[in-house]
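Engineer: A single structure is presented below for examination.
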Amino acid sequence: MYQQLSFIDSGKPEPRLPVDYQPVVPEHFHLERIYISKGSLSSDDRKQFVERICRCFGEAEVIERLDTAHNKIDLGEPDPLARHRKGKRTLVFGELGDSVRFSSEEQNTCPNYWHFSPYSFCPYGCKYCYLAGTPGVWFSPTVKIYVNLPEIIQKIDATANLLAEPTAFYLGKLQDGLALDPLTAYSTVLAPFFARHRYARQIILTKSADVGRLLNLDHGGHTILSWSINPPEVVRHSEENVPSVDDRLDAMQRCAEHGYPVRAVMMPMIPVENWKTSMPISFAGCWWR
Ligand code: SF4
């Protein structure tokens, strides 16, 4: 059950990790090992949160590395492709200091924007994933859950209040924004926080169809869900171990029925041979059902 956040009104920092819920293993997460890195167990709430999730993976090896930062976990695999595959089957708990940032990309068509990171990377296998080549992920391509969610929320609150105008905070730039929600229940804290905030708005970018936790939340229309979709031709060749486009569209429909603003983005744009004749027909089959 979500605990009411009063810190917005009272100035007191009260957001907490979800501690009273049942984690569910996401269908597309084939986990073999868990690392518990620096900061993961530094409070009772964190311990309880980490232990609760670890209990879901009885077969997985659990390794404590409390002296090592989340992005320094060395998988001991020199071959980049083998390391990438191993990383997708590895969960790391940690804490992230620089968790709320304004993007600073140059010569990009899209404007820069605020984004936040309670996770890094994701269990899905998109062959075009640009994150795989970024320095931190290249060294340690693991799936990460950051346990400092309350501090992340406080940073969003402070940033939005300073800006003092409606401001979007994106979850999904450096991760899939929803893929791990069945495990963490972070949505049950985040959506009500944004719902009550005067300025902050949440935009979740995802390919997940796991929207069960979202449906009965008090979101106030302040959480916008944006699904990344692609035509079946692209999905077939470039998306492994990812929820089907049909499942994503079903999830979008369910969320729309529960009052969430929803969006679809086609990203990245990948050329398909004979697209002028083949794409409209097959893609129409996907949309106009
Ligand atoms: S869902 Fe996003 S973060 Fe995950 S593999 Fe695909 S492109 Fe990368």
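The values are calculated or read from the model by the stated rules, or taken from the named source; none is laboratory data. Here the structure is a predicted model, which means the values were calculated and not measured. Cβ atoms come from the backbone with ideal geometry, glycine included; neighbour counts cover every protein chain shown. The area values use the complete protein model at the heavy-atom level, side chains included, leaving out ligands, DNA and RNA. Shrake-Rupley method; radii C 1.70, N 1.55, O 1.52, S 1.80 Å.
Engineer: Which residue out of ALA200, ALA185 is crowded, with 16+ Cβ neighbours inside 10 Å and over 22 Å from PRO26 (Cα atoms)?
Structural biologist: When all the criteria are applied, what remains is ALA200.
Engineer: Under 6 Å between Cβ atoms, which residue pairs at least 6 apart in sequence (or on different chains) link something in segment 197-209 that is at pLDDT 95 or above and of a type in the set (Phe, Trp, Tyr) with a partner that is away from the ligand (no atom under 16 Å from the Cβ) and open to solvent by 10 Å² or more (accessible area, probe 1.4 Å)?
Structural biologist: Matching pairs, first to second residue: TYR199/PRO166; TYR199/THR167.
Engineer: Shifting gears a bit: Restricting attention to segment 36-67, report how many residues are of a type in the set (Ser, Thr, Tyr), in contact with a Gly (Cβ under 9 Å, 6 or more places away or on another chain) and closer than 20 Å to ALA185 by Cα.
Structural biologist: Residues flagged as of a type in the set (Ser, Thr, Tyr), in contact with a Gly (Cβ under 9 Å, 6 or more places away or on another chain) and closer than 20 Å to ALA185 by Cα within segment 36-67 amount to 1.
Engineer: Whether any residue in segment 87-99 is touching a residue at least 40 places away in the same chain (Cβ under 8 Å), within 12 Å of the ligand (Cβ to nearest atom) and part of a loop (DSSP other than H, G, I, E, B) is what I want to check.
Structural biologist: no
Engineer: Enumerate the pairs (first residue in segment 121-138 and in contact (Cβ under 8 Å) with a residue 12 or more places away in the chain; second residue anywhere and of a type in the set (Lys, Arg) and near the ligand (Cβ under 6 Å from one of its atoms)) with beta-carbon separation below 9 Å, excluding pairs fewer than 6 apart on the same chain, so at least 6 apart or on different chains.
Structural biologist: Cβ pairs passing all conditions: CYS122/LYS207; TYR124/LYS207; CYS126/LYS207.
Engineer: Condition check: open to solvent by less than 20 Å² (accessible area, probe 1.4 Å) and modelled with pLDDT under 95. Does LEU5 satisfy that?
Structural biologist: yes
Engineer: While we're on this one: Would you please name the residue that is most open to solvent (accessible area, probe 1.4 Å), looking only at residues in segment 31-57 that are hydrophobic (A, V, I, L, M, F, W, C) and assigned to a helix (DSSP H, G or I)?
Structural biologist: CYS54
Engineer: Can you confirm whether PRO111 is surrounded by fewer than 20 Cβ atoms within 10 Å (Cβ to Cβ), within 16 Å of the ligand (Cβ to nearest atom) and free of Cβ contacts under 8 Å to residues at least 40 places away in the same chain?
Structural biologist: Answer is no for this residue.
Engineer: Give LEU180, LEU205, LEU163 a once-over and let me know the one that is within 16 Å of the ligand (Cβ to nearest atom) and surrounded by fewer than 23 Cβ atoms within 10 Å (Cβ to Cβ).
Structural biologist: Exactly one of LEU180, LEU205, LEU163 is within 16 Å of the ligand (Cβ to nearest atom) and surrounded by fewer than 23 Cβ atoms within 10 Å (Cβ to Cβ), namely LEU205.
Engineer: Filtering segment 133-143 down to residues that are closer than 23 Å to THR184 by Cα and open to solvent by 10 Å² or more (accessible area, probe 1.4 Å), which residue is nearest to the ligand (Cβ to nearest atom)?
Structural biologist: VAL137
Engineer: Looking only at segment 101-129, which residues are among the charged types (D, E, K, R) and under 30 Å from ARG85 (Cβ atoms)?
Structural biologist: Correct list: ARG101, GLU105, LYS127.
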